[in-house]
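Just so you know, all these numbers are worked out from the coordinates, no wet-lab data involved. Note that the coordinates shown come from a computational prediction; the quantities given were computed from them, not determined experimentally. So basically every Cβ, Gly included, is an ideal-geometry build from the backbone, and we count neighbours across all protein chains shown.
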Amino acid sequence: MEGQVTAAAAERVLCLLDDIPDGESKGFAAAPGGFTGLFAVRRGDRVWVYVNSCPHIGVPLDPVPDRFLDRKREHVVCSTHGARFRIEDGFCTTGPCYGESLEAVPHRVDDQRRVLVAQDAGL
Ligand code: FES
């Protein structure tokens, strides 16, 4: 069907890379059958994907949809108690879960600029 994207059976399309504004973040609902969403951060053609669950107490990080970054867009921030995480690897640099990390989600960007994750990512 024209305009519709499909992925390999074991993958699902999270979004198009260009659906995430450059330098920004975007949240995604849980996969069918799951209840924990994902979020992605984009810088140019690079993207990082994490499970939307703070390692401190397991709540979602975003108070406002798609707002996962600090004002300078330098770190991921948890809204609940202010933990800060490196965008590049999800490592917590300050806050109550210092030394822990966000759960990174393996992904790839294909030649159609689709961001693909495993079908069960976040489950
Ligand atoms: S729940 Fe994220 S810092 Fe406490």
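Tell me, what is the Rg over Rh of the chain, with Rh the Kirkwood radius over Cα pairs? Mind showing how you got there, number by number?
Details: Rg = 14.1 Å, Rh = 14.6 Å.
Dividing the radius of gyration by the Kirkwood radius yields 0.97.
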Query - Interchain or long-range residues, amide H under 5 Å from Leu69's placed H - result: Val77
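How would Thr93, Thr36 line up from fewest to most surrounding beta-carbon atoms within 10 angstrom?
Details: Thr93 11, Thr36 16.
Fewest-to-most Cβ neighbours within 10 Å comes out as Thr93, Thr36.
What is the projected area of the convex hull of the Cα atoms of the range 46-86, averaged over all directions, in nm²?
About 3.0 nm², averaged over all directions.
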Query raised in the report: Mind listing the phi-derived Karplus ³J(HN,Hα) values for the range 106-113, rounded to whole Hz, using 6.51, -1.76 and 1.60 with θ = phi - 60°, and x for any glycine or proline?
Result: x, 7, 8, 10, 8, 6, 9, 6
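Restricting to Cα pairs below 8 Å that are 6+ residues apart, what does the relative contact order work out to for the chain? Please round to a whole percent.
On the way: 253 pairs, mean separation 33.4, N = 123.
After rounding, I find 27 percent.
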Report summary line: Given Cβ charges of +1 for Lys and Arg and -1 for Asp and Glu, the option among Gln119, Ala40, His56 whose Cα lies farthest towards the positive end of the dipole of the chain is His56
**Report entry** Under-5 Å amide H pairs with Val59, H placed in peptide plane, nonlocal only
**Finding:** Cys54
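If you keep only loop residues by DSSP, which GluC sites (Glu not before Pro) in the range 48-110 have at most 14 other Cβ atoms within 10 Å of their Cβ? The partial results should precede the final answer.
Details: sites: Glu74, Glu88, Glu100, Glu103; in loops: Glu74, Glu88, Glu100, Glu103.
Those satisfying the criteria are Glu74, Glu88.
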Query raised in the report: Can you work out ³J(HN,Hα) from phi for every residue in the range 114-123, in order, using Karplus 6.51 cos²θ - 1.76 cosθ + 1.60 and θ = phi - 60°, giving whole Hz and x for Gly and Pro?
Result: 8, 8, 10, 10, 4, 3, 9, 4, x, 7
Report task. Under a 10 Å cutoff between Cα atoms, tell me which one of Leu16, Leu102, Leu61 has the largest fluctuation in the Gaussian network model of the chain. Result -> Leu16
**Report entry** Chain lengthening between Glu100 and Arg113 when straightened (0.36 nm per residue, less Cα-Cα)
**Finding:** 1.6 nm
Query raised in the report: Under a 5 Å amide H to amide H cut-off, with H placed in plane at 1.01 Å, what residues pair with Glu11 once short-range neighbours are removed?
Result: Gln119
Report summary line: If Ser53, Ser25 are placed from fewest to most neighbouring beta carbons inside 10 Å, the sequence is Ser53, Ser25
